[in-house]
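Before any comments, here is the structure.
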Amino acid sequence: MFAIFRQTLKRIINSPLKVFGFITILLGLAAAILTLGYLLVLGLIFIGVGLVLYLIDFLLKTLFKDNRKFWKAQVIVSIAYLLFASWTYLEWQEHNEIIFPKNFKGQAGIIFGIKGYPPLPPTKFWKKRIEIPSDGIIITSTKAEEIPNSIQFYFKDNHSVNYNNIFWDANFEYDCIATEYKIKAWLFTIGKIETSQVKNKITELSNLINDHKAQSFYKSEQTPIWQDNTGNYLWLQDRAITSLPNAVSNLKIYKAVLTDNDFTKIPKQILDIDSLKVLYIGNNQLTEVQEAITNLKGLEVLGINGNKIKTLPDTLKSLKHLETIYLGNNPIDTTEINRFKKLMPNVEIRQ
């Protein structure tokens, strides 16, 4: 039995191409089985390549009857395969090295696809080295799709990086709203320090784009201005944004949906929309309702649930059309709610 096994194995690996084919098939099986199917496609590709090597071995044996020529062809094809496999592996390992300044904390980012700005440095030996400046902001004409999506983090003094302290948002997008363009960025947050300098710069760029003083290579797939039976409304839910472009002030909308973002106050641009009747800005980081909300003379519904609001301003009394306030999940006590109910008894407070 052992002799049959050894003879069979010898047939399977009796040439360099068969050895490489056998190893490649084993790697494919291991990738498919040991990862419980997670790398099934990759495993099937490896198995396919291994079978192709066996086919090439068979064709060489058919073409070259002379044993010397056969082995010469085997060596040439084997070397070509090794070079191809090495190149493919290195291409697969292509990545970006993001170098942060020494002791950097807070928010950093790369803003992509802005015409006229320098491209990112070229890739050298399957590695693109990107150094983040001290202000944490890189603006580039390079598109995000043009660089590897794999990243390694370092600090300038080469000290170790705790990946648990770095949050990477590779999908941040910001609609310019007044034009068809949008801005894409990679955002990095190091530590628990909450800053927004990159997002503020993106808002500034959006204003320049709307004023035709800058241009993005990206266009919005869908406008954030939607429409229903009542009219036009702004839909910017769950965008991780902290500010709005100035052009929002000029919108003719009856409703704005800004829930699940990172606003620390109601944006001034929203407070300038005199046609606004409904404002949902729940699940943000608001600590107060600014007195400037009285600019919204026709406001009927105010959704500020899920924030950090402790009191409601008495100036809300000037909003004669206000009917409902959504106030749940705020650190506001019963005394304050009762006080406000006496102030505005006709306003329904929903928790």
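No value in this document is a laboratory result; all are computed from the given coordinates. Quick caveat, the model's predicted, so the values are computed rather than measured. Here the Cβ is made from the backbone with ideal geometry for all residues, glycine too, and neighbour counts use every protein chain on show.
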Original post:
Points 7 angstrom from Cα along the Cβ direction at Lys105 and Ala85: gap in nanometres?
Top reply: 4.9 nm
Subject >> Exposed GluC sites (Glu not before Pro) absent - longest run of the chain, DSSP non-H/G/I/E/B, at most 15 other C-beta within 10 Å >> reply: 222-322
Subject >> Spread of Cα-to-Cα distances over 10 Å intervals beginning at zero, given as percent, for region 11-167 >> reply: 9, 25, 21, 19, 16, 8, 2
Subject >> Spherically averaged projected area of region 2-92 from its Cα convex hull (nm²) >> reply: 7.0 nm²
Subject >> At 0.692 mPa s and 37 °C, Stokes D of region 224-350 from Kirkwood alpha-carbon radius, µm² per second >> reply: 224 µm²/s
**OP:** Could you work out the local net charge near Arg239, counting Lys and Arg as +1, Asp and Glu as -1, over the other residues with Cβ closer than 12 Å to its Cβ?
**Re:** -4
**OP:** Evaluate 2.2 N^0.38 Å with N set to the residue count of the chain, then give the Cα radius of gyration divided by it.
**Re:** 1.50
Original post:
So what is the 222 nm mean residue ellipticity for the chain from helices alone, if each DSSP H run of at least 4 adds -39500 (n - 2.57) and you divide by all residues, rounding to the nearest 500 deg cm²/dmol?
Top reply: -10000 deg cm²/dmol
Original post:
Say a site is exposed when it is one of the chymotrypsin sites (Phe, Trp or Tyr not before Pro), sits in a DSSP loop, and has at most 12 other Cβ atoms within 10 Å; what is then the longest site-free stretch of the chain?
Top reply: 126-351
Original post:
Once you sort the root eigenvalues of the Cα gyration tensor of region 115-193 as a ≥ b ≥ c, which label holds: rounded (a/c under 1.5), prolate (a/b larger than b/c) or oblate (the other case)?
Top reply: oblate
